[in-house]
Amino acid sequence: MDEFDRLLYANSQLPPELTQLEPPRPWKKPIGQICWGLALITITLNFLGLNIILPAAGTVLLWLGLRTLRRENGGFRFAYACAVLYAALRLTAVLFQATPLDHWLASLIGREWNTSTGPVPLYYALWTVLIQLVLVLAAGGLWQGLKGVFIQAGQKPRTAAAGGLVILEALMLPMALIGLEGWLLVGPILILWVCLIMSLRKVSRSLDQAGYALKAAPVRVSGGLALWLWLGLHLLMIAALPLLFSRLPTNIQMPTPVADSNSTIRAQLLELGFPEDILAGLDDSELARFEGAYGLKKSGYRSKDDEFPDGMPEIITVEVPVRDERYGFHTVYLAYLYWTPNEASGGYMEGIQVAQDYQGVTVRTTVPDGVLKWQDRAGNACAIPLEFWREADSAGRPCCYANFSLPKDVSGPMEGFLFWEAMPSFPETVSVYNFSVTAAHRRSFWQYPYTLPSEILASGFYPPSWQWRMYRWTSEGQLAPEGMYDPRKY
């Protein structure tokens with residue numbers, strides 16, 4: 001027995017520097033990253049941008065954890081491939097939401113998906129299913145990978161938590177499609193999900209105690225650098241891309257001046273009380289709408305140039321019943337919008353909502369058509385046609401919407417003319433007809449996600465004043481045959 005053996009038998013205590021060392025725990029870090037990744041992806045907070053930051057951080061943590069394990073077995077390799085695809089889809093979603101691509105794809109696919117909270121575009125439902133399905137497959141690969149490691153270590157697989165997470169993540173699909181809300185329903189599922197994540201965290205301790213040697217895959221980029229690069233890419237997209245789409249394209253036209261051939265209609269409308277300054281902006285085709293007029297009601301406001309700032313127009317509505325061979329009569333409505341010279345140039349986005357016929361007393365109400373008119377700095381008359389479409393708002397009311405941007409080359413005020421018609425169900429009686437015209441003006445050059453004014457108007461939600469300004473004008477009129485029309489009645 002040599003000197004070393006005698007010293008070893010004489011003193012069985014390990015040196016102090018060895019007693020302070022912890023046993024190696026190679027599984028702790030990757031499993032911990034996976035657990036945190038799943039937690040940040042699934043549980044998000046909808047304020048201060050955390051609904052974007054937390055899933056982004058969770059996505060890269062899930063990828064980092066599976067990156068370390070990808071050479072252990074086929075299950076981990078499959079989960080790693082799914083995590084890469086999941087990260088790509090998440091990044092694509094951020095890109096689409098920062099640009100008009102989301103709206104273009106939603107309109108291209110069309111149709112709606114009905115949930116318990118209301119209809120949503122089918123495109124968003126399909127996108128949600130795709131992303132969540134990839135996450136379910138990643139969790140399934142993780143489950144099979146852990147099961148293979150336990151078998152290879154000669155132990156009974158303790159992977160019930162991973163299997164439970166696969167089932168729970170799969171249940172998220174119908175929950176999202178149904179629109180399940182409320183703590184009484186979601187709360188128990190959330191508690192179960194947290195328990196499963198904590199149980200999965202303990203699996204790393206079982207593998208470390210089993211003595212299974214982890215062959216960590218080599219990496220070229222450290223985890224910390226990958227995390228910050230990933231978050232920085234998200235920040236760049238969110239901060240920069242919306243600036244490129246802060247305005248809508250404008251289809252500027254140069255109308256050809258024509259001789260006034262409807263002087264008789266002009267004189268008749270002036271006699272009924274049509275505002276002269278508004279009448280001067282109507283061309284012959286617009287005047288022809290009022291042929292056969294026998295009444296008129298004007299409502300709205302006029303302000304000084306320093307009132308209603310920040311891009312909000314003045315709104316004046318004119319109601320004109322006219323004779324009609326088919327219906328006996330129909331009523332022509334004109335909503336006149338006026339932007340002062342200080343507010344008419346260089347806006348970001350504008351939107352108009354026309355909510356027609358609250359009581360539902362008409363046979364039909366036409367979709368509005370309209371035009372913006374102004375003069376450029378060279379004195380040329382210019383116009384932009386407004387395209388309206390009909391869509392129900394969040395309360396289920398049929399409304400019509402138009403989105404546009406005011407042009408930058410403007411000299412003087414900007415005028416908008418919106419026309420629609422209402423045909424009566426019972427032309428022999430007098431019916432009340434209510435409508436509203438709401439204007440929305442985007443004040444901020446940056447907004448994420450990309451949002452159109454019509455979406456703000458349809459939601460019924462009033463956003464922060466630093467982003468949007470809104471004004472609603474409501475009017476009450478009547479549908480009445482000739483001889484029974486009284487503009488003072490309502």
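The values are calculated or read from the model by the stated rules, or taken from the named source; none is laboratory data. Predicted, not measured: the structure shown is a model, and the values here were computed from it. All Cβ positions, even for glycine, are placed from backbone atoms using ideal geometry, and neighbour counts span all protein chains on display.
Residue-level analysis places residue 43 among those that are surrounded by fewer than 17 Cβ atoms within 10 Å (Cβ to Cβ), over 21 Å from residue 235 (Cβ atoms), among the hydrophobic types (A, V, I, L, M, F, W, C) and touching a helix residue (DSSP H, G or I) at 6+ places or on another chain (Cβ under 8 Å). Among all positions in the stretch 257-278, there is no residue which is touching a residue at least 40 places away in the same chain (Cβ under 8 Å), surrounded by 13 or more Cβ atoms within 10 Å (Cβ to Cβ), in the same structural domain as residue 320 (by TED's automatic domain parsing) and among the small types (Gly, Ala, Ser). Being out of contact with any helix residue (DSSP H, G or I) (no Cβ under 7 Å at 6 or more places or on another chain), in a helix (DSSP H, G or I), within 30 Å of residue 395 (Cα to Cα) and not small (Gly, Ala, Ser) is the requirement here; does residue 126 meet it? Against the criterion (out of contact with any helix residue (DSSP H, G or I) (no Cβ under 7 Å at 6 or more places or on another chain), in a helix (DSSP H, G or I), within 30 Å of residue 395 (Cα to Cα) and not small (Gly, Ala, Ser)), residue 126 qualifies.
Residue under question is residue 136, and the condition is that it be within 30 Å of residue 119 (Cβ to Cβ), hydrophobic (A, V, I, L, M, F, W, C) and touching a residue at least 12 places away in the same chain (Cβ under 8 Å); does it hold? Working first, answer last.
Values: within 30 Å of residue 119 (Cβ to Cβ): yes; hydrophobic (A, V, I, L, M, F, W, C): yes; touching a residue at least 12 places away in the same chain (Cβ under 8 Å): yes.
Yes: the conditions hold for residue 136.
Go through the stretch 249-279 and count every residue that is within 18 Å of residue 384 (Cα to Cα) and modelled with pLDDT of 90 or more. Going through the stretch 249-279 one residue at a time, the tally reaches 1. Among residues of the stretch 425-450 that are without any contact (Cβ under 8 Å) to a residue 60 or more places away in the chain, those with a beta-carbon under 6 Å from a residue that is surrounded by fewer than 19 Cβ atoms within 10 Å (Cβ to Cβ) at least six positions away or on a different chain give the pairs 430/484.
Among the residues that make up the stretch 456-468, is at least one of them without any contact (Cβ under 8 Å) to a residue 60 or more places away in the chain and in a strand (DSSP E or B)? Yes: one or more hits. Residue 146 meets the conditions (1) within 25 Å of the chain's Cα centre (by Cα); (2) at negative phi in every case but one. The failed one is (1). Scanning the stretch 156-180 for residues that are farther than 16 Å from residue 73 by Cα, in contact with a helix residue (DSSP H, G or I) (Cβ under 9 Å, 6 or more places away or on another chain) and not in a helix (DSSP H, G or I) yields 156, 158, 180.
Taking the criterion of being among the polar types (S, T, N, Q) and farther than 28 Å from residue 487 by Cβ, the residues of the stretch 408-449 that qualify are 411, 444, 447.
One line per residue, one yes/no per condition, for (1) over 25 Å from residue 282 (Cβ atoms); (2) in the same structural domain as residue 366 (by TED's automatic domain parsing); (3) surrounded by 15 or more Cβ atoms within 10 Å (Cβ to Cβ):
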| position | (1), (2), (3) |
| --- | --- |
| 406 | no, yes, yes |
| 422 | no, yes, yes |
| 431 | yes, yes, yes |
| 443 | yes, yes, yes |
| 448 | yes, yes, yes |
| 474 | no, yes, no |
